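A short write-up of the structure that comes next.
The values are calculated or read from the model by the stated rules, or taken from the named source; none is laboratory data. Note that the coordinates shown come from a computational prediction; the quantities given were computed from them, not determined experimentally. Heads up, the Cβs are rebuilt from the backbone with ideal geometry, glycines too, and the neighbour counts pull from every protein chain shown.
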Amino acid sequence: MPNEPAPSQWTFPPAEAVIGVEGEVVGVGADLEPGTLLAAYRAGLFPMPLSTTGRAARKIAWWSPDPRAVLPLDGLRVSRSLRKACARFEVRVDTAFPEVIDACADPSRTGAWITADIRRAYTELHRLGWAHSVEAWDPASGALTGGLYGVGIGGLFAGESMFHRATDASKVALVHLVEVLREGGASLLDVQWETPHLASLGVITVSRPRYYELLTEALARPTPTAFARSTGK
């Protein structure tokens, strides 16, 4: 089972106490200690810099989008081509977390936001068994071709970022993640914001109050076995 870290020294305000950025930022500051991160996710918040450039890139904000984007676990749209792509990759869980987060943090990517501090924080969260990666590998070359990472708490999986180096590789990782969550009795896959790409896969938006209803129900569920047996190596 995941190891519960020391509790955070910080207390987060309620999500309704938004302070800016179009009503999505609840607070700025605090730290990225494991206990703080877990407290934030349990409160429906997640950390991201205020901006990807300038001084604001060094300021961690705690976000609560309204509406919130989620992927219903029975609503993933798997096209015929994606179903075929699933047969081309080998998918693993938690075998290359540092490599996945490094690929997601590639500064050449548009809108790159994963700082060195964020990388260290989530790598430690992975070591404790709370952050997870789902990876798509090329079975012929053994190369990591795509994947995603996020935080799993009970029946919640909060997706943070994904990447691909081969067509459909990140989508294949997402298909596998949904299977793991469904088989493990999870109920909430949070993807933060809707994009056209995510909407094409079945992502929908819900109001902040509805998200908190879904979150409360998800946190009461047990951790899926595939994640519960992960020790965060």
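Here are a few things to note about the model shown:
- Scanning segment 138-153 for residues that are among the polar types (S, T, N, Q) and surrounded by 20 or more Cβ atoms within 10 Å (Cβ to Cβ) turns up just one, Thr145.
- Pair list, Cβ under 7 Å, 6 or more apart: segment 120-136 residue on the phi < 0 side of the Ramachandran plot, other residue at pLDDT 95 or above and among the charged types (D, E, K, R): His132/Asp94; Ser133/Asp94; Glu135/Arg92
- Where Ala173 falls short, out of the listed (1) surrounded by fewer than 22 Cβ atoms within 10 Å (Cβ to Cβ); (2) touching a strand residue (DSSP E or B) at 6+ places or on another chain (Cβ under 6 Å); (3) of a type in the set (A, V, I, L, M): (1)
- Ala143 meets all of the listed conditions (1) in contact with a strand residue (DSSP E or B) (Cβ under 9 Å, 6 or more places away or on another chain); (2) in contact (Cβ under 8 Å) with a residue 40 or more places away in the chain but one, namely (2).
- Of all residues in segment 120-137 being more than 16 Å from Ala228 (Cα to Cα) and charged (D, E, K, R), the one that is surrounded by the fewest Cβ atoms within 10 Å (Cβ to Cβ): Arg120
- The set of residues from segment 81-104 being touching a Ser or Thr at 6+ places or on another chain (Cβ under 8 Å) and either buried (at least 18 other Cβ atoms within 10 Å of the Cβ) or hydrophobic (A, V, I, L, M, F, W, C) (or both) comprises Ala85, Phe89, Val93, Asp94, Ala96, Phe97, Val100, Ile101, Cys104.
- Hits in segment 209-229 (condition: over 19 Å from Asp94 (Cα atoms) and aliphatic (A, V, I, L, M)): Leu214, Leu215, Ala218, Leu219, Ala220
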